[in-house]
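In what follows, a single structure is set out as structure tokens and then discussed.
All of the numbers you see were taken from the coordinates with simple rules; none came from a lab. Fair warning: this is a prediction, and the values are worked out from it, not measured in the lab. With ideal geometry, Cβ positions are generated from the backbone for all residues, glycine too; neighbour counts draw on all protein chains shown.
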Amino acid sequence: MQYASWMEASGKSFIGEILKAAQNHSMISFAGGLPALELFPDQALQRCFERVFEEQGKPALQYAQTSGYHPLREWLAKQHKREGKEVAIEEIMVTTGSQQGLSLVAQTFLDPGDVVLVETPTYLGAVQAFQSFRARMMMVPCDAQGIIPEELEKMLKQVTPKFLYLIPNYQNPSGKIMGLERRIELLRVAQMNDLMVIEDNPYGNLRFEGEPLPDLIELGNNVIYLGTFSKVLAPGLRVGYVVANSDIIEHLCKTKEGVDLHSNTLTQRAVLEFLKEGLLPGHIQSLCSVYRERRNAMVQAIEKHLGDEVEMIIPSGGLFLWARFKKITNSYDYVQATIRQNVLYVPGEVFYPDGRVTSEVRLNYSSSTPEIIEEGIQRLARAIRE
Ligand SMILES: Cc1ncc(COP(=O)(O)O)c(C=O)c1O
């Protein structure tokens, strides 16, 4: 077959390999980014879907507006501020998960060869979305709080990127969070250089410790914000959204028309029912208390079974723990050994678009109980020493 040339450049699909290995029932997987299945509010959602059928009937099954279900956009607009001001409905569009938001942004803004700046390391799905529109990825050096503004400033003297992509809260994969001063400084550099910032925030509400911080879009202009219900409700619903100025939203809608006309309207209506019942805050609270416990279990298991062989970043929210094995050079080399021990992680290399060799790994704790986490880390220790 004559596939498009970028498909060849996209290389091996490690995620596919991992998902295949995860099918094995005795496998303990720390590899996915899955929310805990047992915590999905399935019965409440069932009620919400039923209510949509009972109260709204056939119109809930009709073609609908590309920008999303108006009452849901209204609700979303109230949750956000843009540059300290109220958000208008025209500044919101609903997407099929935030992954579609990433893809629509890429399709709408990128010409082949354009430079996109990303964190070091960064979310693989974003790299995939940007590369499929032929972007050139450049990684901005990061410290414990993410992007270093001085390094960004230096890079902006050399290149003119289309945008900077970042995940300020409980970053995927590193679990890091960007402090308030850093947010302000980063936006100052971005604004001085007319640099558009894509703020991806799937994890911000999964906060175990500390006070909530303002979103970048709240603090500055030139920000496109991506939100999603995947991690706080259920990813299978595929409901995400974009907040940006109305001109950008209009352009994104034009792109979306050619992609899927609109996101599933029945689901948007059911999600709104859930929100209107006021169920989300309590649900997020229970998620946080379970995930906090699982995060603690993972930290303790690592300290117990791997001790000073590992350096880790303890996340204060989100789904992932990022760790570096001190005694090995390439975590990719140990994937087969860990599969033999029936445990999975994602090797750090996957999160560096330059494909560098690293001894880091991403470990997901949200989808395993503390007992399974303990067992899995024990297996991991065995595999690494094998
Ligand atoms: C940083 C980040 N952005 C976007 C997504 C995609 O989420 P959604 O299910 O909303 O498409 C994920 C999913 O893991 C993610 O980690």
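With viscosity set to 1.567 mPa s at 4 °C, what whole-number translational diffusion coefficient in µm²/s follows for the range 1-65 from Stokes-Einstein and a Kirkwood radius over Cα pairs? This corresponds to a translational diffusion coefficient of 77 µm²/s. Charge dipole (Cα centre; +1 on Lys/Arg Cβ, -1 on Asp/Glu Cβ; no other charges) of the range 195-268 amounts to roughly 300 debye.
Only sites in a loop by DSSP and with at most 16 other Cβ atoms within 10 Å count here; which chymotrypsin sites (Phe, Trp or Tyr not before Pro) in the range 322-386 make the cut? Sites meeting the loop and neighbour criteria: none at all.
Plainly put, the range 43-276 has a radius of gyration that is 0.98 times its Kirkwood radius, both from alpha-carbon atoms, as the Rg/Rh ratio.
The peptide list 232-238, 169-175, put in order of mean Cβ contacts within 10 Å with the highest first, becomes 169-175, 232-238. Amide H contacts for THR228 (H built 1.01 Å from N in the peptide plane; partners 5 or more residues away or on another chain; cut-off under 5 Å): TYR241. Ratio to report: Rg/Rh of the range 171-306, with Cα atoms as the point set and Rh obtained by the Kirkwood method; give two decimals. Dividing the radius of gyration by the Kirkwood radius yields 1.02.
Measuring nothing but how far apart in sequence close Cα pairs (under 8 Å, 6+ apart) lie, relative to its length, the range 43-276 scores a relative contact order of 30 percent.
Note on the range 237-361: the alpha carbon radius of gyration divided by the globular reference 2.2 N^0.38 Å gives 1.51. Please report the antiparallel percentage of DSSP beta bridges with both residues in the chain, rounded to the nearest 5. So the antiparallel bridges amount to about 55 percent of the total. From its DSSP helices (H runs of at least four residues, each -39,500 (n - 2.57)), the chain gives a residue-normalised ellipticity at 222 nm of -13000 deg cm²/dmol. Pairs to check: LYS85/LYS256; LYS231/LYS276; LYS304/LYS326; LYS304/LYS327. Give those whose C-alpha atoms are more than 21 Å from each other in this structure. In this structure, LYS85/LYS256 lie more than 21 Å apart at Cα. Anyone know which of ARG356, ARG82, ARG269 comes out most mobile in the 10 Å Cα GNM of the chain? Comparing ARG356, ARG82, ARG269 in a Gaussian network model of the chain, the most mobile one is ARG356. Here's the list of lysines a cross-link from LYS154 could span, going by alpha-carbon distance under 18 Å and ignoring same-chain residues fewer than 8 apart: LYS162. The separation of the range 185-218 from the range 260-299, counted between C-alpha centres, amounts to 21 Å.
The orientation-averaged shadow of the Cα convex hull for the range 319-386, equal to a quarter of the hull surface, comes to 4.4 nm². Average 1/r across all pairs of distinct alpha carbons in the range 66-199, invert it, and you get the Kirkwood radius: 15.8 Å.
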